[in-house]
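The values are calculated or read from the model by the stated rules, or taken from the named source; none is laboratory data. From a predicted model like this one, the values you see are computed outputs, not experimental measurements. Cβ sites come from the backbone with ideal geometry, for glycine too, and all protein chains shown count toward neighbours. The area values use the complete protein model at the heavy-atom level, side chains included, leaving out ligands, DNA and RNA. Shrake-Rupley method; radii C 1.70, N 1.55, O 1.52, S 1.80 Å.
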Amino acid sequence: MNACTSLISALALSATALTAAAAGPAVEWSATTAMSASTGDFAPYFISANDGGKWVRSGLAALDLGASKEMDLSRRWSWGAGAEFMFGVFEGNDYRRWYPDAHEWSSRENRPAAAWVQQLYAEGKYRAVFLRLGQKSHKSRLLDERVASGDLTRGANARGIPGMEIGFTDFQDIPFTKGWVQIDGTVEYGVFTDDGFKHKQFSYYNYLTTDDVWYTYKRCYFRTKPSERFSLTIGMQNAGQFAGTTYRYSQGAVTGIDKRGFKVKDVFKMFLPTEGNGNAFYEGNSLGSWDIKLRYRLRSDDEISFVFMGPWEDGSGIGRCNGTDGLYGLYWHSAKPKPLIAAAGLEYLDFRNQSGPIHYAPHDSKNPPVTSHASGGDNYYNNDTYGSYSNYGVAIATPFLVAPVYNLDGNPYFAHNRARGFHAAVDGWVSPRLRYRLLYSWQEAWGMGRISTRYARIDNSAMAEATWDGSGLARGLELKARVAFDAGKLRGNNFGALVTISYSGDFSLAKSHENE
């Protein structure tokens with residue numbers, strides 16, 4: 001672990017210890033035992049998707065322990081803290097690797113650690129502004145990830161990245177608009193801690209690997225008055241990678257080392273995406289999405305919503321030169337308590353255009369013969385300087401695209417980001433104690449724009465999940481089972497199951513001294 005990561009972890013631990021010593025309301029805790037088995041090299045798509053990267057491996061026996069205290073948004077001052085730790089035995093995978101001394105290909109196992117930190121953070125707020133230190137899992141601001149495929153910039157799919165985040169606790173009224181226009185925003189800076197994973201997975205033959213890379217995330221949304229039947233949310237998400245060191249390889253030999261290190265000015269350069277971000281002659285890799293949500297509340301208080309997320313990788317994507325690329329989702333949520341159908345979603349996803357296959361920037365060369373600029377080749381979630389937009393090989397954004405962790409050939413990038421497909425989901429209750437969820441996805445992919453496959457690779461994935469509330473037998477008892485499969489040449493033919501048994505509860509600290 002590098003010095004920056006150690007410093008951030010120490011800050012989080014110190015802040016957690018200080019807040020734990022203070023008085024406050026209830027602390028919620030949970031203990032979950034999990035067992036999973038699969039016929040494939042990895043767990044099926046829907047067993048692992050949007051669950052913090054915890055259940056990716058084909059077989060595991062794990063214990064998930066967590067505790068948290070939420071901030072009280074009704075108070076002027078409030079604090080929160082949380083911790084979640086994973087322990088267990090996880091199936092490893094063999095990744096191909098080039099050994100130059102022996103001049104041959106072999107393989108090396110990459111197995112998750114027997115214990116890791118899933119979350120560890122402390123946070124506080126004053127009025128509507130919060131500050132957080134540490135590592136916390138995130139959810140999409142616009143999507144319900146129980147029925148959606150996943151956010152295109154930052155969602156619940158991967159493990160959180162340790163760092164610092166400041167922003168609004170929720171949407172806030174903009175002065176002088178009488179509540180008709182609200183704003184929500186956040187800014188985060190952190191440090192990746194997955195260098196060890198990347199070194200174990202990488203083939204060391206072609207492409208690149210990176211060390212000590214920093215992460216940033218920004219969001220700014222505007223929303224019309226939510227109490228009205230119709231509401232519009234519009235804005236942008238912007239993530240980025242910067243600093244660190246890049247090692248480039250070609251046919252097993254190191255062809256270049258870019259030692260950028262970390263400079264304070266990099267923080268300011270990465271605050272807003274600039275023209276050309278993502279190329280070697282500019283600082284950092286910037287990516288994100290343009291987001292729109294239309295929501296209508298029926299007289300029954302049920303809600304129908306439409307969400308569009310348009311991905312971008314550089315200036316061409318920001319300018320929406322990438323055709324129909326994006327997520328188009330239609331969702332329905334019931335206002336009734338525990339109905340047979342509580343929520344449903346239907347999505348179309350398209351990543352085929354990526355601003356065309358050609359990118360030509362005259363600034364790449366001295367005295368270029370052609371001075372015109374052709375902006376394209378966006379290569380979603382991959383970058384020629386910083387590698388893939390992933391954490392421990394798992395996509396930080398949507399799990400719909402096959403992430404680097406699944407590349408047993410040792411390639412550390414999204415190998416099939418030129419894809420399209422559909423996603424459908426239903427969530428509801430069979431009885432007051434039995435909840436279910438059904439997911440289905442179809443996808444076809446053609447590799448990448450620069451490295452395409454001759455034929456489309458197809459995937460069909462489905463999952464059935466049942467959650468039983470066993471609090472009638474024991475307080476806080478919950479049993480959950482997932483059964484899922486993948487079929488096709490994109491993700492392979494996999495069948496697997498995950499079973500978890502959870503106990504949860506809460507306890508009160510001393511009398512609160514938080515300011516009203």
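Values as computed for the structure displayed
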| quantity | calculated |
| --- | --- |
| Heavy-atom accessible area order for 47, 501, largest first, 1.4 Å probe | 501, 47 |
| Net lengthening on full extension, residue 328/residue 348 (0.36 nm per residue, minus Cα-Cα) | 6.7 nm |
| With Cα atoms, 0 to 90° folded angle of helix 3-21 axis to the chain main axis | 0 degrees |
| Rounded accessible area per residue of the chain, 1.4 Å, Å² | 45 Å² |
| Dipole of the chain, positive direction: furthest Cα of 53, 362, 422, with charges on the beta-carbon | 422 |
| Simple spin-label estimate for residue 126 and residue 199 in nanometres, 7 Å along Cα-Cβ | 4.2 nm |
| Value of relative contact order over the chain, rounded to a whole percent, pairs C-alpha under 8 Å and six or more apart | 16 percent |
| Integer Hz, Karplus 6.51/-1.76/1.60 couplings in order for the stretch 141-156, x for Gly and Pro | 6, 9, 10, 8, 6, 6, 10, 9, 6, x, 5, 7, 10, 8, x, 8 |
| Amide N of the stretch 459-473 lying under 15 Å from the label point, which is placed 7 angstrom from the Cα of residue 422 along Cα→Cβ | 459-462 |
| Nearest-0.05 FRET efficiency for residue 299 and residue 114, computed from C-beta distance (R0 51 Å) | 0.40 |
| Protein-only accessible surface order, largest first, of 145, 347 at 1.4 Å | 145, 347 |
| Apportionment of accessible area to carbon and sulfur, the stretch 290-430, percent (1.4 Å) | 61 percent |
| Cβ-derived FRET efficiency at R0 41 Å, residue 101 paired with residue 264, nearest 0.05 | 0.50 |
| Helix-only CD estimate at 222 nm, as mean residue ellipticity for the chain, using -39500 (n - 2.57) per DSSP H run (n ≥ 4) | -2000 deg cm²/dmol |
| Accessible area, probe 1.4 Å, largest first, for residues 174, 451 | 451, 174 |
| At 0.692 mPa s and 37 °C, Stokes D of the stretch 454-501 from Kirkwood alpha-carbon radius, µm² per second | 259 µm²/s |
| Label-point gap, in nm, between residue 61 and residue 341 - each point 7 angstrom along Cα→Cβ | 4.2 nm |
| Whole-percent carbon and sulfur share, accessible surface of the stretch 49-164, 1.4 Å | 53 percent |
| 28 Å tail of the calculated P(r), the chain, as % of Cα pairs | 57 percent |
| Ordering of 34-43, 304-313, 337-346 by burial proxy (mean other Cβ atoms within 10 Å per residue, highest first) | 304-313, 34-43, 337-346 |
| Under 20 Å from the residue 94 label point (7 Å along Cα→beta-carbon), backbone N, the stretch 28-58 | 38-43, 57-58 |
| 10 Å binning of all Cα-Cα separations within the stretch 25-102, expressed as whole percents from 0 upward | 15, 32, 23, 18, 8, 3, 0 |
